[in-house]
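Notes to accompany the following structure.
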Amino acid sequence: MKLPAEKSWHNLYIHIPFCVSKCGYCAFYSETQCGSAIRKNYLAAVKDFLLQQEFSSPVKTVYIGGGTPNFLTASEMAELFEFVYKIVPLAKECEVSSELNPELLTAGKMSVLNEYATRLSLGVQSFDESVRNLLMRKCSSEHLQKALKLLEKRRARHFNIDLIYGVAGVPEKVLAEDLRVAVEHGADHLSCYSLTAEENSRLGLNSPVADNSEAADLWLFIGEKLSEYGINRYEISNYAKSDAHCRHNVNVWRGDTLLGAGAAAAGFDGIDRYNFTESIDDFITGRTPEFDRITPEERLLEIFAVNLRTVEGWQKAVWEKLYPATWDKMYKKCVNCAAEDPEWWCLENDHIALTQAGLLFWDDAAMDVLSWDEELL
Ligand code: SF4
(Lines give C-alpha, C1' and ligand atoms only; values in the text may rest on other atoms or scores of the structure.)
Protein backbone atom coordinates (compact mmCIF):
# COMPACT_ATOMS: atom_id res chain seq x y z
CA MET A 1 0.00 0.00 0.00
CA LYS A 2 1.19 3.49 -0.76
CA LEU A 3 1.01 5.91 2.14
CA PRO A 4 0.02 9.52 1.52
CA ALA A 5 3.32 11.39 1.71
CA GLU A 6 2.24 14.85 2.86
CA LYS A 7 5.87 15.87 3.13
CA SER A 8 8.91 13.90 1.96
CA TRP A 9 10.05 10.99 4.13
CA HIS A 10 13.26 11.94 5.95
CA ASN A 11 13.67 9.01 8.34
CA LEU A 12 12.94 5.33 7.97
CA TYR A 13 12.22 2.81 10.73
CA ILE A 14 11.93 -0.91 10.01
CA HIS A 15 10.56 -3.17 12.73
CA ILE A 16 11.82 -6.75 12.89
CA PRO A 17 9.26 -8.36 15.22
CA PHE A 18 11.07 -11.61 16.05
CA CYS A 19 12.66 -12.61 19.39
CA VAL A 20 14.10 -15.82 20.80
CA SER A 21 12.02 -15.43 23.96
CA LYS A 22 10.18 -12.61 25.70
CA CYS A 23 12.20 -10.71 28.32
CA GLY A 24 10.26 -10.27 31.55
CA TYR A 25 9.87 -6.48 31.40
CA CYS A 26 9.17 -6.13 27.68
CA ALA A 27 5.85 -4.93 26.31
CA PHE A 28 7.07 -4.30 22.74
CA TYR A 29 5.43 -6.32 20.04
CA SER A 30 7.42 -9.35 18.89
CA GLU A 31 6.78 -13.03 18.21
CA THR A 32 8.93 -15.91 19.38
CA GLN A 33 7.95 -18.70 17.00
CA CYS A 34 9.07 -17.49 13.60
CA GLY A 35 10.50 -19.96 11.15
CA SER A 36 12.19 -19.23 7.86
CA ALA A 37 8.93 -19.15 5.84
CA ILE A 38 7.49 -16.37 8.02
CA ARG A 39 10.75 -14.41 7.90
CA LYS A 40 10.92 -14.76 4.12
CA ASN A 41 7.34 -13.52 3.66
CA TYR A 42 7.87 -10.72 6.15
CA LEU A 43 11.02 -9.42 4.41
CA ALA A 44 9.22 -9.64 1.06
CA ALA A 45 6.36 -7.55 2.52
CA VAL A 46 8.79 -4.92 3.87
CA LYS A 47 10.48 -4.76 0.47
CA ASP A 48 7.16 -4.48 -1.33
CA PHE A 49 6.02 -1.73 1.07
CA LEU A 50 9.20 0.30 0.44
CA LEU A 51 8.85 -0.14 -3.32
CA GLN A 52 5.39 1.41 -3.19
CA GLN A 53 6.40 4.58 -1.35
CA GLU A 54 7.37 7.83 -2.96
CA PHE A 55 10.67 9.38 -1.87
CA SER A 56 10.94 12.95 -3.05
CA SER A 57 14.20 13.69 -1.25
CA PRO A 58 17.03 11.69 0.32
CA VAL A 59 16.37 9.85 3.56
CA LYS A 60 18.65 11.06 6.36
CA THR A 61 18.42 8.13 8.79
CA VAL A 62 17.47 4.46 8.76
CA TYR A 63 16.81 2.57 11.99
CA ILE A 64 16.36 -1.20 12.05
CA GLY A 65 14.79 -2.04 15.39
CA GLY A 66 12.77 -4.72 17.08
CA GLY A 67 12.16 -7.18 18.30
CA THR A 68 15.56 -8.44 17.35
CA PRO A 69 16.99 -7.51 13.92
CA ASN A 70 19.72 -10.13 14.26
CA PHE A 71 17.15 -12.86 14.79
CA LEU A 72 17.41 -12.84 10.99
CA THR A 73 20.13 -15.05 9.54
CA ALA A 74 23.22 -13.36 8.09
CA SER A 75 21.90 -13.80 4.54
CA GLU A 76 18.46 -12.44 5.51
CA MET A 77 20.14 -9.43 7.12
CA ALA A 78 22.18 -8.89 3.95
CA GLU A 79 19.00 -9.13 1.86
CA LEU A 80 17.27 -6.52 4.05
CA PHE A 81 20.15 -4.04 3.89
CA GLU A 82 20.62 -4.62 0.17
CA PHE A 83 17.04 -3.81 -0.74
CA VAL A 84 16.95 -0.80 1.60
CA TYR A 85 20.10 0.59 -0.02
CA LYS A 86 18.67 -0.12 -3.47
CA ILE A 87 15.10 1.15 -3.05
CA VAL A 88 15.50 4.08 -0.67
CA PRO A 89 17.44 7.15 -1.80
CA LEU A 90 19.85 7.60 1.10
CA ALA A 91 21.53 10.91 1.91
CA LYS A 92 25.32 10.92 1.58
CA GLU A 93 25.91 10.88 5.33
CA CYS A 94 22.88 8.73 6.10
CA GLU A 95 22.94 7.23 9.61
CA VAL A 96 22.09 3.52 9.40
CA SER A 97 21.45 1.98 12.82
CA SER A 98 20.72 -1.57 13.80
CA GLU A 99 19.71 -2.94 17.16
CA LEU A 100 21.37 -6.21 18.21
CA ASN A 101 20.81 -8.93 20.71
CA PRO A 102 24.13 -10.33 22.11
CA GLU A 103 22.86 -13.91 22.11
CA LEU A 104 22.34 -14.02 18.36
CA LEU A 105 25.40 -12.18 17.10
CA THR A 106 27.70 -14.24 14.88
CA ALA A 107 30.81 -13.50 12.82
CA GLY A 108 28.70 -13.76 9.64
CA LYS A 109 26.19 -11.19 10.91
CA MET A 110 29.04 -8.90 11.99
CA SER A 111 30.39 -8.95 8.41
CA VAL A 112 26.99 -7.85 7.10
CA LEU A 113 26.76 -5.08 9.70
CA ASN A 114 30.28 -3.99 8.85
CA GLU A 115 29.25 -3.55 5.27
CA TYR A 116 26.08 -1.55 5.85
CA ALA A 117 25.58 -0.12 9.36
CA THR A 118 27.05 3.14 10.65
CA ARG A 119 25.66 2.73 14.16
CA LEU A 120 25.11 -0.38 16.29
CA SER A 121 22.99 -0.67 19.40
CA LEU A 122 23.48 -3.63 21.72
CA GLY A 123 20.76 -4.60 24.21
CA VAL A 124 22.73 -5.54 27.31
CA GLN A 125 20.46 -4.23 30.12
CA SER A 126 23.06 -5.21 32.74
CA PHE A 127 26.49 -6.81 32.65
CA ASP A 128 25.54 -8.52 35.92
CA GLU A 129 24.00 -11.89 35.13
CA SER A 130 21.93 -11.94 38.34
CA VAL A 131 20.25 -8.66 37.30
CA ARG A 132 19.55 -10.06 33.83
CA ASN A 133 18.00 -13.09 35.51
CA LEU A 134 15.79 -10.86 37.65
CA LEU A 135 14.65 -9.17 34.44
CA MET A 136 14.11 -12.55 32.75
CA ARG A 137 16.56 -11.48 30.08
CA LYS A 138 17.85 -14.66 28.53
CA CYS A 139 21.53 -14.05 27.82
CA SER A 140 24.39 -15.88 29.50
CA SER A 141 27.61 -14.08 30.40
CA GLU A 142 29.39 -16.35 27.93
CA HIS A 143 27.16 -15.17 25.07
CA LEU A 144 27.57 -11.57 26.13
CA GLN A 145 31.37 -11.84 26.21
CA LYS A 146 31.36 -13.54 22.82
CA ALA A 147 29.26 -10.74 21.34
CA LEU A 148 31.48 -8.05 22.83
CA LYS A 149 34.52 -9.79 21.35
CA LEU A 150 32.88 -9.83 17.90
CA LEU A 151 31.95 -6.16 18.30
CA GLU A 152 35.61 -5.26 18.76
CA LYS A 153 35.83 -5.73 14.99
CA ARG A 154 32.95 -3.34 14.24
CA ARG A 155 33.39 -0.79 11.47
CA ALA A 156 30.32 1.25 12.48
CA ARG A 157 31.42 4.64 13.75
CA HIS A 158 28.97 4.74 16.65
CA PHE A 159 28.10 2.18 19.28
CA ASN A 160 25.24 2.28 21.78
CA ILE A 161 24.63 0.03 24.75
CA ASP A 162 21.14 -0.22 26.32
CA LEU A 163 21.00 -0.53 30.11
CA ILE A 164 18.14 -0.84 32.59
CA TYR A 165 18.35 0.68 36.05
CA GLY A 166 15.92 1.08 38.93
CA VAL A 167 15.61 -2.63 39.66
CA ALA A 168 14.50 -3.03 43.30
CA GLY A 169 17.24 -4.37 45.55
CA VAL A 170 20.07 -3.80 43.04
CA PRO A 171 22.64 -1.46 44.64
CA GLU A 172 24.06 1.65 42.98
CA LYS A 173 27.50 0.02 42.71
CA VAL A 174 26.10 -2.52 40.21
CA LEU A 175 24.87 0.35 38.06
CA ALA A 176 28.23 2.13 38.39
CA GLU A 177 29.93 -1.03 37.16
CA ASP A 178 27.48 -1.37 34.25
CA LEU A 179 28.30 2.18 33.14
CA ARG A 180 32.03 1.62 33.51
CA VAL A 181 32.03 -1.64 31.55
CA ALA A 182 29.86 -0.15 28.78
CA VAL A 183 32.31 2.72 28.33
CA GLU A 184 35.26 0.33 28.54
CA HIS A 185 33.80 -1.55 25.58
CA GLY A 186 33.81 1.61 23.49
CA ALA A 187 30.18 2.74 23.75
CA ASP A 188 29.95 6.39 22.75
CA HIS A 189 26.20 6.37 23.42
CA LEU A 190 24.17 4.84 26.24
CA SER A 191 20.43 4.48 26.57
CA CYS A 192 19.56 3.99 30.24
CA TYR A 193 15.93 3.15 30.92
CA SER A 194 14.33 3.03 34.31
CA LEU A 195 12.52 -0.27 34.81
CA THR A 196 8.76 0.13 34.64
CA ALA A 197 6.01 -2.37 35.36
CA GLU A 198 4.27 -3.04 32.05
CA GLU A 199 0.92 -4.76 32.32
CA ASN A 200 1.44 -6.63 29.05
CA SER A 201 4.87 -7.98 29.96
CA ARG A 202 5.68 -11.37 31.48
CA LEU A 203 6.64 -9.81 34.82
CA GLY A 204 3.59 -7.58 34.60
CA LEU A 205 2.78 -5.59 37.69
CA ASN A 206 5.11 -7.87 39.72
CA SER A 207 8.11 -6.30 38.03
CA PRO A 208 10.79 -5.51 40.66
CA VAL A 209 10.60 -1.73 40.22
CA ALA A 210 12.53 0.52 42.61
CA ASP A 211 10.49 3.30 44.17
CA ASN A 212 10.30 6.70 42.46
CA SER A 213 12.73 8.56 44.69
CA GLU A 214 15.34 5.78 44.43
CA ALA A 215 14.97 5.77 40.63
CA ALA A 216 15.31 9.58 40.54
CA ASP A 217 18.53 9.37 42.61
CA LEU A 218 19.91 6.74 40.22
CA TRP A 219 18.99 8.94 37.22
CA LEU A 220 21.00 11.80 38.76
CA PHE A 221 23.84 9.38 39.50
CA ILE A 222 23.94 8.18 35.85
CA GLY A 223 24.17 11.78 34.61
CA GLU A 224 27.08 12.55 36.96
CA LYS A 225 28.94 9.30 36.39
CA LEU A 226 28.72 9.37 32.59
CA SER A 227 29.77 13.01 32.41
CA GLU A 228 33.04 11.90 34.05
CA TYR A 229 33.56 9.77 30.92
CA GLY A 230 32.73 12.69 28.58
CA ILE A 231 29.30 11.22 27.84
CA ASN A 232 26.50 13.66 28.54
CA ARG A 233 22.76 13.39 28.88
CA TYR A 234 20.98 14.82 25.82
CA GLU A 235 17.53 13.33 26.40
CA ILE A 236 15.86 11.93 29.51
CA SER A 237 17.14 8.39 28.84
CA ASN A 238 19.96 9.03 26.36
CA TYR A 239 23.62 9.95 26.82
CA ALA A 240 26.34 10.46 24.24
CA LYS A 241 29.70 11.92 23.37
CA SER A 242 29.27 15.23 21.58
CA ASP A 243 29.36 13.78 18.04
CA ALA A 244 27.44 10.58 18.81
CA HIS A 245 23.81 11.59 19.34
CA CYS A 246 21.37 9.24 17.63
CA ARG A 247 20.35 11.43 14.68
CA HIS A 248 17.33 9.25 13.93
CA ASN A 249 15.81 9.87 17.35
CA VAL A 250 16.78 13.54 17.42
CA ASN A 251 14.98 14.08 14.09
CA VAL A 252 11.89 12.19 15.21
CA TRP A 253 11.68 14.07 18.54
CA ARG A 254 11.83 17.32 16.58
CA GLY A 255 8.77 16.39 14.55
CA ASP A 256 10.52 15.28 11.36
CA THR A 257 8.79 12.82 9.05
CA LEU A 258 9.16 9.10 9.75
CA LEU A 259 8.31 6.25 7.43
CA GLY A 260 7.62 3.29 9.71
CA ALA A 261 7.60 -0.14 8.04
CA GLY A 262 6.61 -3.46 9.58
CA ALA A 263 4.23 -4.93 12.14
CA ALA A 264 3.64 -2.48 15.03
CA ALA A 265 5.81 0.17 13.36
CA ALA A 266 4.79 3.79 13.89
CA GLY A 267 5.23 6.62 11.42
CA PHE A 268 4.53 10.32 10.94
CA ASP A 269 3.79 11.86 7.55
CA GLY A 270 4.23 15.43 8.75
CA ILE A 271 0.54 15.80 9.65
CA ASP A 272 -0.76 12.49 11.00
CA ARG A 273 0.83 9.68 12.99
CA TYR A 274 0.07 6.11 12.03
CA ASN A 275 0.59 2.65 13.51
CA PHE A 276 0.64 -0.73 11.87
CA THR A 277 -1.25 -3.35 13.86
CA GLU A 278 0.66 -5.71 16.13
CA SER A 279 0.37 -8.59 13.71
CA ILE A 280 2.92 -10.09 11.35
CA ASP A 281 0.11 -11.57 9.25
CA ASP A 282 -1.61 -8.19 8.88
CA PHE A 283 1.59 -6.64 7.61
CA ILE A 284 2.29 -9.49 5.22
CA THR A 285 -1.26 -9.30 3.81
CA GLY A 286 -0.99 -5.55 3.31
CA ARG A 287 -3.44 -4.29 5.93
CA THR A 288 -3.29 -0.48 6.04
CA PRO A 289 -2.12 1.17 9.26
CA GLU A 290 -4.40 3.09 11.61
CA PHE A 291 -4.06 6.86 11.41
CA ASP A 292 -4.23 9.02 14.50
CA ARG A 293 -5.99 12.13 13.22
CA ILE A 294 -5.96 15.05 15.62
CA THR A 295 -6.29 18.79 15.05
CA PRO A 296 -3.23 20.75 13.80
CA GLU A 297 -3.15 22.59 17.14
CA GLU A 298 -3.08 19.33 19.11
CA ARG A 299 -0.27 18.04 16.86
CA LEU A 300 1.71 21.24 17.39
CA LEU A 301 1.45 20.85 21.18
CA GLU A 302 2.36 17.16 21.03
CA ILE A 303 5.51 17.85 18.99
CA PHE A 304 6.46 20.72 21.27
CA ALA A 305 6.06 18.52 24.39
CA VAL A 306 7.96 15.53 22.97
CA ASN A 307 11.12 17.48 22.21
CA LEU A 308 11.10 18.98 25.70
CA ARG A 309 12.46 15.55 26.70
CA THR A 310 15.77 16.70 25.25
CA VAL A 311 18.29 18.75 27.21
CA GLU A 312 18.56 21.20 24.32
CA GLY A 313 14.79 21.67 24.06
CA TRP A 314 13.66 24.07 21.33
CA GLN A 315 15.74 26.68 19.58
CA LYS A 316 13.55 29.32 17.92
CA ALA A 317 15.08 28.66 14.47
CA VAL A 318 14.35 24.90 14.68
CA TRP A 319 10.77 25.41 15.91
CA GLU A 320 9.95 28.05 13.30
CA LYS A 321 10.97 25.72 10.48
CA LEU A 322 8.03 23.57 11.58
CA TYR A 323 5.63 26.26 12.72
CA PRO A 324 6.58 29.69 11.36
CA ALA A 325 5.54 32.77 13.33
CA THR A 326 4.39 30.85 16.42
CA TRP A 327 7.46 31.22 18.64
CA ASP A 328 6.31 34.28 20.55
CA LYS A 329 3.01 32.66 21.52
CA MET A 330 4.76 29.45 22.63
CA TYR A 331 7.28 31.45 24.59
CA LYS A 332 4.54 33.41 26.36
CA LYS A 333 2.79 30.18 27.36
CA CYS A 334 6.07 28.83 28.77
CA VAL A 335 6.60 32.03 30.76
CA ASN A 336 3.20 31.39 32.40
CA CYS A 337 4.23 27.79 33.22
CA ALA A 338 7.54 29.03 34.63
CA ALA A 339 5.63 31.38 36.92
CA GLU A 340 4.02 28.26 38.47
CA ASP A 341 7.10 25.99 38.43
CA PRO A 342 10.17 28.23 38.08
CA GLU A 343 12.60 25.39 38.87
CA TRP A 344 11.46 23.39 35.82
CA TRP A 345 11.89 25.91 33.01
CA CYS A 346 14.91 27.48 31.36
CA LEU A 347 13.79 30.34 29.10
CA GLU A 348 15.89 32.63 26.98
CA ASN A 349 14.62 34.73 24.08
CA ASP A 350 15.32 32.18 21.37
CA HIS A 351 15.50 29.05 23.51
CA ILE A 352 13.03 27.01 25.59
CA ALA A 353 14.11 23.96 27.57
CA LEU A 354 13.44 22.11 30.78
CA THR A 355 16.02 22.20 33.54
CA GLN A 356 17.35 18.98 35.10
CA ALA A 357 14.53 19.22 37.70
CA GLY A 358 12.06 19.82 34.87
CA LEU A 359 13.26 16.74 32.96
CA LEU A 360 12.63 14.65 36.08
CA PHE A 361 9.03 15.91 35.98
CA TRP A 362 8.67 15.86 32.20
CA ASP A 363 5.34 13.98 32.41
CA ASP A 364 3.80 16.82 34.41
CA ALA A 365 5.35 19.55 32.25
CA ALA A 366 4.09 17.77 29.12
CA MET A 367 0.57 17.49 30.59
CA ASP A 368 0.63 21.26 31.14
CA VAL A 369 1.68 21.87 27.53
CA LEU A 370 -0.97 19.52 26.15
CA SER A 371 -3.67 21.36 28.09
CA TRP A 372 -2.94 24.76 26.45
CA ASP A 373 -6.15 25.70 24.67
CA GLU A 374 -5.32 29.10 23.21
CA GLU A 375 -5.16 29.57 19.43
CA LEU A 376 -1.51 29.06 18.55
CA LEU A 377 -1.63 28.68 14.79
S1 SF4 B 1 13.51 -6.56 25.24
FE2 SF4 B 1 14.12 -6.81 23.10
S3 SF4 B 1 14.89 -8.94 23.00
FE4 SF4 B 1 13.67 -8.80 24.88
S5 SF4 B 1 11.61 -9.45 24.27
FE6 SF4 B 1 11.67 -7.21 24.10
S7 SF4 B 1 12.18 -6.80 21.97
FE8 SF4 B 1 12.71 -8.97 22.39
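The values are calculated or read from the model by the stated rules, or taken from the named source; none is laboratory data. Just so it is clear, the structure is predicted and the values come from calculations on it, not from any experiment. No Cβ is skipped: glycine too gets one built from the backbone with ideal geometry, and neighbour counts run over all protein chains shown.
Below, the figures for the structure above:
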read-out: In segment 1-20, the residues that are more than 9 Å from the ligand (Cβ to nearest atom), crowded, with 17+ Cβ neighbours inside 10 Å and either over 17 Å from the mean Cα position of the chain (by Cα) or not polar (S, T, N, Q) (or both); value: Leu3, Trp9, His10, Leu12, Tyr13, Ile14, His15, Ile16
read-out: Selected residue (criterion: nearest to Val183 (Cα to Cα)) from residues of segment 128-157 that are buried (at least 19 other Cβ atoms within 10 Å of the Cβ) and among the charged types (D, E, K, R); value: Arg132
read-out: Lone qualifier among Leu190, Leu105, Leu175 - being of a type in the set (A, V, I, L, M), touching a strand residue (DSSP E or B) at 6+ places or on another chain (Cβ under 7 Å) and within 30 Å of Leu12 (Cβ to Cβ); value: Leu190
read-out: In segment 118-139, the residues that are within 11 Å of the ligand (Cβ to nearest atom) and part of a helix (DSSP H, G or I); value: Arg132
read-out: Residue match in segment 41-56 (condition: within 16 Å of the ligand (Cβ to nearest atom), assigned to a loop (DSSP other than H, G, I, E, B) and in contact (Cβ under 8 Å) with a residue 12 or more places away in the chain); value: no
read-out: Flag for Trp372 being among the aromatic types (Phe, Trp, Tyr) and over 19 Å from Val311 (Cβ atoms); value: yes
read-out: Residue identified as surrounded by fewer than 16 Cβ atoms within 10 Å (Cβ to Cβ), assigned by TED's automatic domain parsing to the domain that holds Ile161 and modelled with pLDDT of 95 or more among Pro58, Pro69; value: Pro58
read-out: Near pairs, Cβ below 6 angstrom, 6+ apart or cross-chain, from segment 5-28 (not assigned by TED's automatic domain parsing to the domain that holds Leu195) to any residue that is within 8 Å of the ligand (Cβ to nearest atom) and hydroxyl-bearing (Ser, Thr, Tyr); value: none
read-out: Residue that is within 24 Å of Leu163 (Cα to Cα) and assigned by TED's automatic domain parsing to the domain that holds Ile161, where the choices are Glu95, Glu76; value: Glu95
read-out: Test for Asn160: is it surrounded by fewer than 22 Cβ atoms within 10 Å (Cβ to Cβ) and under 22 Å from the mean Cα position of the chain (by Cα); value: no
read-out: Total residues in segment 21-33, condition part of a loop (DSSP other than H, G, I, E, B) and either charged (D, E, K, R) or more than 12 Å from the ligand (Cβ to nearest atom) (or both); value: 2
read-out: Residue count for segment 57-70, restricted to those that are within 16 Å of the ligand (Cβ to nearest atom) and of a type outside the set (A, V, I, L, M, F, W, C); value: 7
read-out: Helices (runs of 4 or more DSSP H) completely within segment 248-354 that count 2 or more residues being within 16 Å of Leu377 (Cβ to Cβ) and among the basic types (Lys, Arg); value: 327-340
read-out: Qualifying position, being modelled with pLDDT under 95 and of a type outside the set (Val, Ile, Thr), among Arg254, Arg293; value: Arg293
read-out: Any chance Leu308 is in contact (Cβ under 8 Å) with a residue 60 or more places away in the chain and buried (at least 19 other Cβ atoms within 10 Å of the Cβ); value: yes
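Residue-wise test of (1) among the hydrophobic types (A, V, I, L, M, F, W, C); (2) over 23 Å from Ala357 (Cβ atoms); (3) in a loop (DSSP other than H, G, I, E, B); (4) more than 22 Å from the chain's Cα centre (by Cα).
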| position | (1), (2), (3), (4) |
| --- | --- |
| Arg202 | no, yes, yes, no |
| Glu214 | no, no, no, yes |
| Asp217 | no, no, no, yes |
| Glu224 | no, no, no, yes |
| Tyr234 | no, no, no, no |
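Here is a yes/no grid of residues against (1) within 22 Å of the chain's Cα centre (by Cα); (2) of a type outside the set (D, E, K, R):
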| residue | (1), (2) |
| --- | --- |
| Cys337 | no, yes |
| Glu340 | no, no |
| Leu347 | no, yes |
| Ala357 | no, yes |
| Leu360 | yes, yes |
| Asp364 | yes, no |
| Val369 | no, yes |
| Leu376 | no, yes |
